[in-house]
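Asker: First, the structure itself, so that you have it in front of you.
Only the coordinates and a few stated rules stand behind these numbers; no lab work does. These numbers were taken from a predicted model, which means no experiment stands behind them. Heads up, the Cβs are rebuilt from the backbone with ideal geometry, glycines too, and the neighbour counts pull from every protein chain shown.
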Amino acid sequence: MTSNGLRHQAATRRTAKTQLLRDHLFTIMASVDFRDNLLGISWVDSGWVPILNPGNVLDYFSERSNPFYDRTCNNEIVKMQRLTLEHLNQMVGVEYILLHAQEPILYIIRKQQRQSPTQVIPLADYYIIAGVVYQAPDLGTVISSRVLSAVHGIQSAFDEAMSYCRYHPSKGYWWHFKDQEEREKTKPKSKKKEEPSSLFQRHRVDTLLLDLRSKFPPTFYQPKPGDKPIPVEVKKEPEPPTEAAKQEEREPATKSSAPAPPSKPPPEKRARLQ
């Protein structure tokens with residue numbers, strides 16, 4: 001088996017294990033009776049909010065409309081017998097106590113199972129913020145929620161990665177991203193930087209510019225940017241002699257030369273006498 005096939009099998013195993021763990025967590029969450037799970041609800045009585053203090057916060061929590069309060073607790077027995085909360089230490093069963101108070105905004109109430117005057121088992125904690133009562137999640141619920149969120153993110157990452165994976169027996173594995181093609185189409189093409197000229201090219205160009213400047217000198221000169229241009233005086237070079245002057249120079253030269261001798265006619269032919 002090739003290395004590509006081994007990698008494909010390893011990726012398939014990881015995906016199967018992740019799916020199995022996710023299904024197991026869903027099974028655990030489904031087995032919980034959500035009617036008894038009060039983590040997703042809250043309760044408030046607006047009439048009590050302005051007068052809440054550490055002395056009456058337990059009375060506020062024991063309202064009949066509060067879904068977090070258990071009517072069979074020892075607090076209800078003490079309340080009906082009009083006893084003080086100190087008698088709770090002498091009883092056995094479920095009770096509510098004020099665990100922490102930070103006036104006027106925060107109160108923490110604990111639900112616990114008392115077994116003896118010195119031994120209690122915490123059952124749940126409730127916090128009251130600005131008069132609104134919430135149930136604090138337990139450690140198991142927090143861990144389950146975090147693990148489920150992590151597994152869901154990992155599973156989504158694997159699913160998305162597998163959707164971009166391509167395989168062919170002759171080519172092997174490769175990644176095919178649709179967004180990458182769209183980016184390449186919409187991405188503006190960068191202009192190539194022009195290479196700097198060489199020393200030879202700069203020298204030849206300077207020579208040509210100086211030659212053109214000598215042949216065609218500027219008519220105006222501007223000392224500084226923004227100043228008025230100043231006309232430049234151009235010295236005129238002596239013009240070369242024209243054709244008429246050349247012709248006059250040629251005529252005296254022809255007069256001074258000696259006249260040519262006249263040409264003789266050819267001799268006449270005479271008939272011979274016999």
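Asker: With a point put 7 Å past each Cα toward its Cβ, work out how far HIS87 is from GLN115 in nm, to one decimal.
Answerer: For HIS87 paired with GLN115, the spin-label model returns 2.6 nm.
Asker: Moving on to the next point. Once you place label points 7 Å from the Cα toward the Cβ at LEU208 and LEU98, how far apart are they in nm?
Answerer: Calculated label separation equals 9.7 nm.
Asker: In nm, to one decimal, how far is the CYS165 label point from the ILE129 one, both placed 7 Å along Cα→Cβ?
Answerer: It works out to 4.2 nm between the two label points.
Asker: Efficiency by 1/(1 + (r/R0)^6): what FRET value for ASN37 and SER65, r their Cβ-Cβ distance, R0 = 25 Å, to the nearest 0.05?
Answerer: Here the calculated transfer efficiency is 0.85.
Asker: Taking the Cα centre of each part, how many Å lie between region 59-82 and region 111-140?
Answerer: 14
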